[in-house]
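The values are calculated or read from the model by the stated rules, or taken from the named source; none is laboratory data. Keep in mind that this is a model prediction, so the values were computed, not measured. Positions of Cβ are generated from backbone atoms using ideal geometry, with glycine treated the same way; all protein chains shown enter the neighbour counts. Please note that ligands, DNA and RNA were not included when accessible areas were found on the heavy atoms of the full protein model with its side chains. Shrake-Rupley method; radii C 1.70, N 1.55, O 1.52, S 1.80 Å.
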Amino acid sequence: MFRTGPPSHTLLRPPLLQILLLLLVQAVGRGLGRASPAGGPLEDVVIERYHIPKACPREVQMGDFVRYHYNGTFEDGKKFDSSYDRSTSVAIVVGVGRLITGMDRGLMGMCVNERRRLVVPPHLGYGSIGVAGLIPPDATLYFDVVLLDVWNQGDTVQVSTLLRPPHCPRMVQESDFVRYHYNGTLLDGTAFDTSYSRGGTYDTYVGSGWLIKGMDQGLLGMCPGERRKIIIPPFLAYGEKGYGTVIPPQASLVFHVLLIDVHNPKDTVQLETLDLPPGCVRRAMAGDFMRYHYNGSLMDGSLFDSSYSRNHTYNTYVGQGYIIPGMDQGLQGSCMGERRRITIPPHLAYGENGTGDKIPGSAVLVFDVHVIDFHNPADPVEIKTLSRPPEICNETAKAGDFVRYHYNCSLLDGTKLFSSHDYGAPQEATLGANKVIEGLDRGLQGMCAGERRQLVVPPHLAHGESGARGVPGSAVLLFEVELVSREEGLPEGYLFVWHEDPPANLFEDLDLNKDGEVPQEEFSTFIKAQVTEGKGRLMPGQDPEKTIGDMFQNQDRNQDGKITLEELKLKSDEDQERVHEEL
C-alpha cells in the first residue's frame, strides 16, 4: 500500500497536475451525466454496510487514524489492488486529504470489525486520468473494506472495571511490584499474547519503565482480584514500529487484566483483627510456644494451605526463626482465641523464588489465623479464685492431703475434654503423690473446702509435647475446680497414725481375749475402735478393710495368721532401728 509502484497510488491523493486535470474532467463528467451502476449518474460514494458488529464503542471521524484491510475491483470484478496480497493493513489518517476522496468519505462512521462495500465514482477516485497501467480513466472503483482499528492523538488510556472484589486491602501505586494475568488482543479481537499460556503471571514494577506507558497507567488503582479491560492507543503502546510479527504498526491494544497481587519493597506486615475475645490479659511475645489454626491464601483468594485440612494445629515457637519472618512478626501481640489476618509481602515470606508448586515467586501471602493458645516454658499455673465459702477457712489443702473435688477440663478454645460430673462423683487424689498432673496438683493446694477456682495449666505442667488420649500435644489446659472436701493425709509409708501417743501396753490392748496372740479379727476390731473414738486415723482414700488387712500383714512377720508380742512393732520404732543400723 505504501510502496513506490503503482499499487501505492490506489487510494492516495494524486499529485497536483493530476488534481487540476481531475477537476476539469469531473466538471465535464457531471455535465455529461456519467452513468452509475444503476443506470443513472453517480454523484457520491455508495456505501453498503453488509456486516455491522453488535458493539460499536466509537465510529470513525475526520482526523482519526485508522487501520483497515481492503480488496479493490472494477465493475466487472477484476481486482486491481488488495492489502491482503501484501499481508499489511493500511494505516493512515482519514479526512485530511491523504486518501482519495471516495475512500475518505466511505470510511466515515465505520466501526471496528465493520465490513463495507464502497462504490466510488470516477470523480471521487482517479477521474479521467486514472493510474497508468493500473486504473483506466473514468473508472468506477469497488472496495470491500474491513476496519481493524481507530484512534486519535487526543485519546487516552481507556479503563473499564469488569469485576471489583468487595474487599480491597490496597490499590496499585507507582513503584509497586505487581503480579497479573492478561489476555492481549488488537482492537479487532485478534489475539497476540496471553500470560495464561505460559502457566505463570506477568511480574513487574509499575511506573518504572518496565511496561509500555499505557499499561503503566492502566494498572494504577487496581485491587487484587480486580478484572479490568484496558484499551491503549498506539502512541502509548508500540507506536509506528509495532512489535515483531504479532503487533502491527500503529495498533491499539486491548488487555483483559486480572490482578493477582501487589506489594511494595518497602511494605511491612499488615495486621487486621477479625475477632478479639474479651478479657485478654496476656499477649504473645517472642519465646512463646503457640498453637494456632490458619488458612493461607494468595492475594487473589487462591488457597494454598490450611491447618484445618490436617485436623491439627500448627505448633511452633514465636519470634525465634522457626517460621517465615512475616508470620513471626504477625503472631506477636496476639491474644488467646484471637482471629487476625496477617498479610505478608514476599520479602518477608518466600521471596522471588516462592516455594513448592502452590506459592509462586514474589507472592504476597494472606493468613487468616485463629490463635488457640500459647505459653512460655517458664509459665506457672495461673490461678483465679471464682468463689469462696462464706465461713472462715482456717485449714487449706496441702501436699499429703486427701482431697475430693469436681472439675471441668477444656482447651482454651472451649473444646471440652473431661469432667468429673460425667462420672457422677468427685475425683479423689492425694496431693503431692503424683496422682494428678503437676499443674492441677499445684492449683488444688491452698484451697478451702467449697472454694471454686479457675486454673490455666501450661503443657509442661500438664501432658507435655506428646499430649494424652484426647489431649493434643503442647496444649494449655483450662480447669474449673471445686474442692468438695479434704482430709489430712498421713506421712509417707504410714497406713495409720495415732492422734496422741499410742497405748503404753499396746499388745495387751490388742489381745482382747488375753490368750497371748492377736488374730486378724481382734486386730481389726481394735483399730476400728481407735478410729471411732478419734484416737487415730487410717490412710484416707482407701478401703478401710484393705488398709487394716495390709497393717495386719505387716505385723504378722511369720505369716501364721496371728501376731505375737515379739512380732508387734510400731513403724516409728522400725524407722529408728533402721537409722541405728545405718549409723
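You will find that of G184, G214, G279, the residue that is over 30 Å from M110 (Cα atoms) and not aliphatic (A, V, I, L, M) is G279 and no other. Look through region 460-479, keep the residues that are assigned to a loop (DSSP other than H, G, I, E, B) and in contact (Cβ under 8 Å) with a residue 60 or more places away in the chain, and return whichever of them is most open to solvent (accessible area, probe 1.4 Å). My answer is P472. Does at least one position in region 221-234 carry a residue that is assigned by the TED database to the domain that holds L186 and free of Cβ contacts under 8 Å to residues at least 24 places away in the same chain? No, region 221-234 has no match at all.
Going through A237, A251 one at a time, which residue ends up being without any contact (Cβ under 8 Å) to a residue 40 or more places away in the chain and surrounded by 20 or more Cβ atoms within 10 Å (Cβ to Cβ)? A237 is the lone residue from the list that is without any contact (Cβ under 8 Å) to a residue 40 or more places away in the chain and surrounded by 20 or more Cβ atoms within 10 Å (Cβ to Cβ).
Exactly one residue out of E492, E482 is outside any helix (DSSP H, G or I), modelled with pLDDT of 95 or more and open to solvent by 20 Å² or more (accessible area, probe 1.4 Å): that is E482. Quick one: is L271 modelled with pLDDT of 95 or more and open to solvent by 50 Å² or more (accessible area, probe 1.4 Å)? In short, yes. Looking across region 265-318 at every residue that is small (G, A, S) and free of Cβ contacts under 8 Å to residues at least 60 places away in the same chain, the one that is nearest to D357 (Cα to Cα) is identified as S302.
G279 satisfies every condition listed in (1) open to solvent by less than 50 Å² (accessible area, probe 1.4 Å); (2) not in a strand (DSSP E or B) except (1). Which count do you get for residues in region 355-381 that are among the hydrophobic types (A, V, I, L, M, F, W, C), in contact with a helix residue (DSSP H, G or I) (Cβ under 7 Å, 6 or more places away or on another chain) and either assigned to a loop (DSSP other than H, G, I, E, B) or outside the structural domain of M285 (by the TED database) (or both)? Total satisfying the criteria: 3. Here V481 meets each of (1) within 22 Å of K546 (Cβ to Cβ); (2) within 49 Å of the chain's Cα centre (by Cα) with one exception, condition (1).
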